[in-house]
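Inspection log for the structure reproduced underneath, given as structure tokens.
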Amino acid sequence: MVLHYQEQRYDHLKNQCQRRRELFEDPKFPASDSSLYYSRQPPKVVEWKRPQELVQSPRLFADAGISPRDLQQGSLGNCWFVAAISCLAGDPSIWKKVIPSPQEQDWPRPGGASHFGIFRFRFWRFGRWLEVVIDDRLPTSGGDLIFCRPGQNGDVFWCSLLEKAYAKLIGSYEALDGGSTAEALIDFTGGVSEAIDLLEKNLGSEEEKKKLFKAVMKAHSRASLICSSIRPSPNQGMEEVLSSGLVTGHAYSVTSVKSITLHSGLLSLFRTHKLRLIRLQNPWGSGEWKGAWSDGSEEWKKVSRSKKEKMGVTVNDDGEFWMSWDDFCTHFTDITVCRRVNTHFLSTHKTWKEASVFSAWSQHIDPLKDRSGGCPNNKTTYLHNPQFCFDVTLDQDSVLISLEQEDRRTQRSAGGGENLPIGFFVYKVEVNRKYRLHCSASKVSSSTYINSRSVLLHTDLPQGRYVILPTTFQSGQTGAFFLRVYTDRPSHLRELTRDAPESSCLWFCLGPPRVITSITVHAGSGLVVPNNDNDPAVYVTVHCEGQKVRSRTVKGRNPEFDLKAVFYRKKERRPLVVQVWLSRWARDTLLGTVTVSSTAGESNQTSVLRLQRKDGTTGGYIMAETSSSSDITAL
């Protein structure tokens, strides 16, 4: 489903222009200084001109489609955005979503129908695709475009118009001055962006470099969009051109990742080695790497002409260049990978199951209803935040979690515009938890806190139930957010909204829950199957007032169960029953039973208990930990 930004419908507006025989002028983003800057006046006189006033025969893009060579960064400090556009240009499956029906939008050939100066672009924003309509008046000074401009093909304007649509979306052109490539890539794809800090990767070892190269090459082969940059050192400035030809604080788009075989020596057919190469695009459209494997360097003599042609090697100063992976790891400090998460079940590549939910951090005078608790530094309010439960059903699953807040840059003209520092924690909880956490659980992973629009975590989790707590860094901060979870199997993501079981008609007969009890069956020891010397495959169950939970099956005589459960009990004196079962193909066999008592007020009581078989003999031991409280919102 595509929503219409500011309620502007392209077809309706275009039909109006056709009836009136006039060019479209966008009242929502006028050709005025307010669309350019929100904090200052333009430094020079600006004239708004349409492309046909700048070139004789403007085109949306060249006959061969769009290319990273079609654009150059203008005077705006938005290399992050231009680099993202370069990535966009390299994949038709992406840009055709962002630029819908390009032939219909294009200027007609000489003698064709009239063009009415109206265009539309689509961006993925906060879980939805938005269509943004613009006119084609572009800011110029001295007859030249001020901002993003055509590259090699001087009559191709898709990049300038796309930039204008994005500027409209976030409020002004000035709002584009400084931003995040990761965020722009999300807006083009609806994917999830992952930031990789090369300085923290410990790339001193060849094995680590090779591992990262394989990951980047795999991501590129699966249509991920990738950018890289060089963080300035303390004695360097932003966008400083280094002796290597590279630029600090500057976003480069990755346009190719290759591993090629080189032959050397008299016995070249037998003496070979693999060379890892990466190709990058400077959004300035010029200025390239000067080292090994740069345009025209001696190293290319080792590669045949046919292979160079196949790789698309050029010697033009067009901003695109190759370098070895080793040199890349030496000079660059950061990589951004925007993964287009594949959820199509017919795909031959890895597919993910997606679950998502919209929610918000909100304030309330009642602490039980407040949802703005801040990070764990705020110990008394942290658990007030929204909580979300999901399940991992495989023994081990790779999990992607993305937290995205609403973009606040559109509020800059009103004095706002700073993103909240956000992050989240992931806790392993009881396998049957249905209600909100009220005390700390076992933390298994967490994101960093950053004032970015989105935060991503990629982690591996064992089977079980988990709770995600998305938070702002400070308590009392409010705002909407969008949470996505990707797993191999459906995760059943849902928000935990209730603090405890609600009253029901059964309470009049049986009474309300009087005690809440948590139990963790940590492990077993000395589990033996009679007349069998093999290690048994076993699982444990816990029974309480008609409810039952079960652990995963584990093999061994001293298994680690790590089964956590929580029960709301009406009869405090009735013990919990723990059973250990032997897993068999035909019918499972009970190995032993033990009862566990837990009264209100006991906390973290650990016991080693002897299992009893049906014949009264012992069948090994289990270690269990319990806590109980008469306050049913205590755990």
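Read-outs throughout are calculated quantities, based only on the coordinates presented, and are distinct from any laboratory measurement. Just so you know, these numbers come straight off a predicted model, no measurement behind them. Cβ: placed from backbone, ideal geometry, glycine included. Neighbour counts: every protein chain shown.
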### Message
Run the numbers for residue 477 and residue 50: contour at 0.36 nm per residue of separation, minus the present Cα-Cα distance, in nm.
### Response
149.4 nm
#### Entry: Helical mean residue ellipticity (222 nm; -39500 (n - 2.57) per DSSP H run of 4+; nearest 500) of the chain
-4000 deg cm²/dmol
### Query
Got a sec to turn the phi values of the range 173-180 into Karplus ³J(HN,Hα) couplings, 6.51 cos²θ - 1.76 cosθ + 1.60 with θ = phi - 60°, whole Hz, x for Gly and Pro?
5, 4, 5, 7, 7, x, x, 10
### Message
Cut-off is 10 Å between beta-carbons; in what order do 629, 221 appear when sorted fewest neighbours first?
### Response
221, 629
### Task
With a 10 Å radius around each residue's Cβ, average the other Cβ atoms per peptide and rank 179-191, 464-476, highest first.
179-191, 464-476
### Message
For the chain, what does the relative contact order come out to in percent, with C-alpha contacts under 8 Å and a separation of six or more?
### Response
11 percent
### Message
Just to be sure I understand the model, the point goes 7 Å from the Cα along the line to the Cβ. What's the resulting residue 531 to residue 514 distance in nm?
### Response
4.6 nm
### Pair residue 560, residue 450: separation of 7 Å Cα→Cβ label points (nm)
3.1 nm
## Note on the structure
Distance in nm between residue 502 and residue 488 label points, each 7 Å along Cα→Cβ, equals 3.7 nm
### Eligible aspartates and glutamates near residue 434 by straight Cα distance, threshold 16 Å, same-chain separation 8 or greater
391, 495, 499, 502
### Message
Place a point 7 Å from the Cα of residue 606 along the Cα-to-Cβ direction; which residues of the range 535-568 have their backbone N under 16 Å from it?
### Response
560-564
### Query
For the chain, list the DSSP H helices whose alpha carbon atoms reach 30 Å or more along the long axis and whose average Kyte-Doolittle value is 0.5 or above?
none
## Note on the structure
Note on the chain, DSSP bridge orientation, antiparallel percent to nearest 5 equals 95 percent
### Task
Determine the alpha carbon to alpha carbon distance for each of 28/96; 428/555; 214/302; 564/614; 44/97; 369/428 and list only those over 28 Å.
44/97
### Query
Order of 139-147, 480-488, 253-261, 583-591 by packing, highest average Cβ count within 10 Å first?
480-488, 253-261, 139-147, 583-591
